[in-house]
Amino acid sequence: MPKLTSDQAWTVVWYLGSQCWQVTDRVERCEVCGCLYHTWQGGGCLDYGKSPYNFCEDCLSSDEYAAKVKRKPSNESR
């Protein structure tokens, strides 16, 4: 069995989910702690600004998440 770093393992999971559909595409990696989570069972995504974007359920109460929420762009028209 190959010994992979966490980044290499995530690349394999991402590839199998995105390219080969062997893993559900609902699996994400928390960019704060590195844990994998199923998006239907928890966690969140703030897809604006700079990384981190994906947060597992435990990291939704982290300082990184709170700081990112404060930087949310306004959707108001001018």
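Across the range 1-56, what is the total count of residues that are out of contact with any strand residue (DSSP E or B) (no Cβ under 7 Å at 6 or more places or on another chain) and either under 23 Å from residue 67 (Cβ atoms) or in a loop (DSSP other than H, G, I, E, B) (or both)?
Count: 25.
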For residue 69, are the conditions met, namely being touching a Lys or Arg at 6+ places or on another chain (Cβ under 8 Å), in a helix (DSSP H, G or I) and of a type outside the set (Lys, Arg)?
no
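Taking the range 8-34 as the search range and keeping residues that are of a type outside the set (Ser, Thr, Tyr) and touching a Gly at 6+ places or on another chain (Cβ under 9 Å), which one is nearest to residue 60 (Cα to Cα)?
Step one: of the range 8-34, the residues of a type outside the set (Ser, Thr, Tyr) are 8-10, 12-14, 16-17, 19-23, 25-34.
The next check asks that each one be touching a Gly at 6+ places or on another chain (Cβ under 9 Å); those that pass are 10, 23, 25-28, 30.
Working: 10: 20, 23: 24, 25: 21, 26: 17, 27: 16, 28: 14, 30: 10 Å.
Once the filter is applied, the top-ranked residue is 30.
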Would you please list the contacts, defined by Cβ atoms under 8 Å and residues six or more apart or on different chains, that run from a residue in the range 29-44 that is closer than 16 Å to residue 13 by Cβ and crowded, with 19+ Cβ neighbours inside 10 Å to a residue that is modelled with pLDDT of 90 or more and of a type in the set (Gly, Ala, Ser)?
30/43; 37/43
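The values are calculated or read from the model by the stated rules, or taken from the named source; none is laboratory data. What you see is a predicted model, and the numbers here were worked out from it, not measured in a lab. Backbone-built Cβ (ideal geometry, glycine too); neighbour counts: all protein chains shown.
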